[in-house]
Amino acid sequence: MKGYMRITDRQAFIRRTRQTAVWMVCLCLISTGVAAEVGVRRVLVLQSYYQGYPQADAIQRGITDILGSRDGIELSVEYLDAFHHSDDRYISHLTDLYYHKFTEPGSKVDLVIAVDYQAYTFCLEGRAKLFPDAFVVFCGLDESGLKTPTDPTYMTGIFRTYSLKETVDIGLSFKPEAENLAVVSGSSPADQALYASVKDHLAKYRGVLNLIELVQFEAQALKEFLIGQQENTIVLYLSYSQDPTGKAFLPPEGARLATVNPRLLVLALNEEDISNGIVGGKVNQGYAQGAEAARVALRVLEEPDKTKFSEISRVENRYVFDSVILRKLGIRKEKIPDEALLLNSNFEQLITQREGSGGQSFFSYEIFEEHSMVMVLSEPETGIIIEANRKARDFYGYPDLVGQSWADILYVESEERASPAGVEDFNPDMDRQIHRISDGSLRNLLVYSSEVKIGDTPVLFSILSDITDQVYAEETIFVQEKRLRNMTIHTAVLMVSIIAVLIYLLYSRKRSFQALQSSEQKYRQIAENAPATVFQFQMSREGRYSFPYISTVASEMTGIPKEKITENAASIMQIIYPEDVPEFMTKIRESAKSLSYFFHVFRCNTLKGTIWIEARATPNRLKDGTTQWNGFLVDITERIISEKRIQESNNRLITVMNSIDAIVYIADMETYELLFVNEDLLKAWGRDIIGQTCWKTIQSGMDGPCPFCTNHLLLDAAGNPKEVYQWEIKNSTNGKWYDCRDRAIRWIDGRMVRMEIATDITERKEAERALFESENKFRTLFSSMSEMVALHELVFDAHGKFVDYRITDCNEAYTFLTGMEKEQMIGKLGSEVYRSDPPPFLDDYAEVALTGKPNHIETFFPLFNRYLSVSIVSPEKNKFATVATDISEIKRAEKTIEEKNEELEQIIYVASHDLRSPLVNVDGYSRELEYTVDDFQKVLETGAHGSERVETIVRSALPDINEALKHIRTSARQMDALLKGLLRLSRSGRAALNIVALDMDALLRAVLSSLDYQITTSGVQIRLSPLPSCLGDEIQITQVFSNLIGNALKFLDGRRQGVITITGAVEKGCSVYCVEDNGIGIAPEHQENIFQLFHRLNPQKTEGEGLGLTIVKQIVFRNGGKVWVRSEINQGSRFYVSLPMNPHKN
Amino acid sequence: MNQEVVILVAEDDEGHAGLIRRNLVRAGITNKLILFKDGQEVSNFLFKDGDGPHREVGVSYILLLDIRMPKLDGTEVLKKVKADSELRKMPVIMITTTDDPREVEHCHLLGCSNYITKPVEYDAFVNAVRQLGLFLSVVQIPKVNGSH
């Protein structure tokens, strides 16, 4: 409901405003008293510019100096601002406004002074309506500008004159070589009027000089033309207040257009244009005209007979020159008329003095220290100040300037600005600079610098002149126009009104509110939407204060009726927040005391609630000592609210930043200053570190920017932000690990800053470290374990069928097994490493890898010549690990056991067959003998048969007895031989081995020598080739070859010459020997039996107990070798013996 | 036993051969007996190899075979005999000194008709040969070449 009411109130206000807006605005713009006083003559100064326009100001100063202090005269000024607005509708509005203003009883004007061409025109047209009884005095007007003959009954004035001829002539005397005369003139009516008034005179120079009329040129074209000119061109600047499009140029801007080329001599006709690079001329002066007009006005007011003023007077022009420019152009003083006025002569004087002293010491310290201008000495190279005078210290606000550098003071707004005064290519010229003084404010300065010598030391001498106010006036409109452009349309409408009032107040002059507007529509919008309360506030010397005027908006704003405020000023003071009052009063008093601009924001309690008011006002001191402020109040509640909203949104952002589970900071990339840090960082560091240097605060022990700073990685070559840069670091302050994401972003003020979001990853790092350690532990175990471990993954073909496997890792033991380097195996296919396709055990391995069911295989790997026991496990699908144990030794032992068992088996066999066989005979024939003995017993017992009969029986039994005894005795011998053989075998199997390298040539020679008798008797031929060395027990190996050669000799074929050949060679790490004969040979079916115990092929034919080859086999086996036979029946046999080779030979 | 049946004895030990002969005679077996002193000789006889005597067609033979013999041992001869279509019907009686059951089993598998161990204790040996004689007297010995 409240909000609705507000709207209704506002609409009512708008309606009311529409009716009274004009009147209200008129009133509010009057700065001096509005109440009529009897007996007082009202003089209205009407000018079409505004404060800051040099000539109008000069004229007005002239008027004010005469009339301002005169009793009985009430002086007021109206600014038409036709400078910016020249169309008829605007003038018509202005007329309406003035009509309300000046036709009210008690507000009639007695005399109007029109100070320029447009004011004159306005009076001419509007006088009958606006001030029918007032007399008009004009000035600032050219004779050619007079529209109608002056009616002496109500009008008189002073003509402005131009000394064109004198000006051009003196210019020519300065530059006798000049060939061209360029005339600069703008497009405004005033520009045109001036041009018109000198046109005829100019024509006279045709023929003498090339006359270049730069009239109504575009500013840019004008500049370009002038820059292209040589020194033989003299420029005559008339005026340039508008370009052809109607864009306004302030007088300094116009003058600067004309002086764009510093080598050219530029002359002017108006005194106010001098400086800005213009050398001068014989010029008219506004002040003199104003003063003259004021004197005429006084006479008019005092003289009832107006006809006496029909004569239009003129004011004499004078020569005025800028000393600095003269000097710059090298024009000597003698060329200047004696009566000429020299501007900027202070500088010139100083320079002269310096030169006069021969460059040694330009003047005394007292002069320097007490000089009324700001003077500073500095080192040319470094810009460090070595001396500054009292005025300089006061100006900059530092008790001592010595030691500071220009760089500290100089404020560089943009690259266009000049470099500091202490530069090498010093140019003794004036320079505009902006300096920052101790209170932080910026001042515009005109700096004159020149290098002087003190002793032999070059010193830069600078004289500075504060031109802040001047520059401010020039720039305000430009800046505000710029601001306007930057604002949104909605805000723009609001701001137009504020700026309008602002500009007005800044110059503490009255001006038509409408002056800013060129249409009814705009005007309305401003009037309706202006949130500003315009007020006039006064405070007497005694401290009594009142509001002589306050606009109606005040009621809307404060809820207090306007009348109540004007009746009792305290009523508005009472609604100010009590806590804001003391400051408010302090500021007011300060402003009153120093007449400084008043600016204050305070809170008020109103019916609508709390509102924020911004007050701006410019103070004036009235004659009675009362201070009067003209200003306005703006309800900035919404702005404050929106600022608060921004603050809130900012807070939200900060909340977001704070809620990120990471530390966030933003730092300047050049100064390393921390601009923002989030709460996590504050908490982690336990103190406020904003504003500190990042490398000093965030890290520890750094004596400069961190060596690992990523700033250079955040910007590309063009200085634009790159992608986020991510890295990890262990912070040197808290020892924690952070994952950092850095990025350059554009900070609110436009500079590039680094933003880092750093997440604490200490736990992860710890886990990683623990994992690493554990991994390391297992890795060590893995590498050092004696089991051969290899990790594999299956390799599939296009159909998804496993075809191979790849080794992904293996331990040291595995490399030992394969004899290949890890690098040679890892990543390789099984088929490559094991040189078989498919690789070994692919199916078995794949089953484990696919099903995850562990398996175990035990097999001989021919490639490695080893027996391996392999456990296969699958750590994950399609992968498998093999853990292999070398069981070759076990297998070897097993084989040994097997052989021993075989031997044992043979012994058992021998025991059951060969040892029993003789016993069967012994027992059998013994029984037979018993039978025989029984028979004899029976015969003897019966005794009947007689001795003959007995003899016959005995005799017949004798062969059987003999045979039985023969068998018994043979069997006993057989038994003995077998037992002896077993004993020998057992001894040979238990004999200690003394393995040494054997010289087999020598060994065989010894064997042959021991068999010499048999060899000789059998007539066999022995062929012995050179033999390789081997490792073995000398006695046993001698036995081996002795047996083999002995066998060969035993089984020779009697039908042919026996030949025994002994050869040897190294094959696959073994020394292999062969004993070859050409004897009877062994049938294939017998070959496997010949090494068996007690096996004899031909027991009848040959000697021996059938133990020789058994012993050979046993010895060779015990010496780590092998024995085998190749034989063909009736052809011969070859017995091979393989023994470990001698590694140091062969 | 049919007197036409010829008893072949392959026995490398002459003593053993004599004992077998004596006891066969004692058991009343008076058939012709041919002695071979190793597996090779009996093999040559049966398969008509070599220079020595060869078997005759139309004669019935019975083979007493010692296992442990030089050159060819008894099991090898047994294998050859059982592999021959003419000889396979011939009864083969293994005579051995061992009583290793594995060996007995092995010979039975190869198709021997009977198995006699040569006990060291002579009475048992005599008994065994007598048993053999009894066996030989009742058994029908096929003629080699299929004719009875």
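Quick note: the coordinates plus some simple rules give every number you see, no bench work behind them. No experiment lies behind these values; they were computed from the predicted model shown. Note: ideal-geometry Cβ built from the backbone for every residue, glycine included; neighbour counts use all protein chains shown.
Quick one: of B:Lys32/B:Lys143; A:Lys765/A:Lys877; A:Lys900/A:Lys1068; A:Lys608/A:Lys644, which pairs are farther than 24 Å apart, Cα to Cα? Let's see the in-between values first.
Numbers: B:Lys32/B:Lys143 15 Å; A:Lys765/A:Lys877 29 Å; A:Lys900/A:Lys1068 26 Å; A:Lys608/A:Lys644 18 Å.
Distance filter (> 24 Å) returns A:Lys765/A:Lys877; A:Lys900/A:Lys1068.
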**OP:** Using label points projected 7 Å from each Cα along Cα→Cβ, tell me how many nm separate A:Ser1009 and A:Ala570, to one decimal.
**Re:** 15.3 nm
**OP:** Quick one: order A:Tyr120, A:Tyr287 by neighbouring beta-carbon count within 10 Å, fewest to most.
**Re:** A:Tyr287, A:Tyr120
Original post:
When the dipole is taken about the Cα centre of the range A:993-1140, and only Lys, Arg (+1) and Asp, Glu (-1) are charged at their Cβ, what size is it in debye, to the nearest 20?
Top reply: 200 debye
**OP:** Would you pull out the residues with amide H under 5 Å of A:Thr259's amide H, same chain only if 5 or more places away, H placed 1.01 Å from N?
**Re:** none
Original post:
So if we plug the beta-carbon distance of A:Glu311 and A:Glu579 into 1/(1 + (r/R0)^6) with R0 = 56 Å, what FRET efficiency do we get, rounded to 0.05?
Top reply: 0.25
Original post:
What's the exposure ranking of A:Ser591, B:Ser113, going from fewest to most Cβ atoms within 10 Å?
Top reply: B:Ser113, A:Ser591
Original post:
For the range A:1049-1054, what does the Karplus curve 6.51 cos²θ - 1.76 cosθ + 1.60, with θ = phi - 60°, yield as ³J(HN,Hα) per residue in whole Hz, taken in order and with x for Gly and Pro?
Top reply: 5, 5, 9, 5, 8, x
Original post:
Dipole magnitude of the range A:660-765 about its Cα centre, charges +1 at Lys/Arg Cβ and -1 at Asp/Glu Cβ only, in debye to the nearest 20?
Top reply: 140 debye
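Run the dipole for the range A:929-997 about the Cα centre, Lys and Arg Cβ at +1, Asp and Glu Cβ at -1, nothing else charged, and hand back the magnitude in debye, nearest 20. Walk me through the intermediate numbers first.
Numbers: 10 positive and 9 negative charges, 169 e Å.
Dipole magnitude for the range A:929-997 comes out near 820 debye.
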Subject >> Stretch gain in nm, segment A:Asp200-A:Asp96, where the contour uses 0.36 nm per residue and the Cα spacing is subtracted >> reply: 33.5 nm
Original post:
Taking a spot 7 Å from the Cα of A:Leu904 along the direction of its beta carbon, which residues of the range A:988-1020 have an amide N less than 20 Å from it?
Top reply: A:988-991
Original post:
Using the alpha-carbon centroid of each, what span in Å lies between the range A:834-857 and the range A:660-731?
Top reply: 56 Å
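Taking neighbour counts of Cβ atoms within 10 Å as a proxy for exposure, in what order, fewest first, do A:Leu269, A:Leu607 appear?
Placing the least packed residue first, the sequence is A:Leu607, A:Leu269.
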**OP:** Would you mind checking which residues have amide H under 5 Å from A:Gln216's amide H? H placed 1.01 Å from N; only 5 or more apart, or other chain.
**Re:** A:Ser185, A:Gly186
Original post:
Applying the Karplus parametrisation 6.51 cos²θ - 1.76 cosθ + 1.60 with θ = phi - 60° to the phi angles of the range A:703-716, what ³J(HN,Hα) value in whole Hz is obtained for each residue in order, glycine and proline being reported as x?
Top reply: 10, x, x, 3, x, 9, 4, 9, 3, 5, 8, 9, 10, 8
Original post:
Roughly how many Å is it from the Cα centre of the range B:113-134 to that of the range A:1051-1076, as a whole number?
Top reply: 48 Å
Original post:
Just how far, in whole angstrom, is the range A:913-954 from the range B:81-112 if you go by their alpha carbon centroids?
Top reply: 34 Å
Subject >> Under-5 Å amide H pairs with A:Leu343, H placed in peptide plane, nonlocal only >> reply: A:Phe321, A:Asp322, A:Ser323
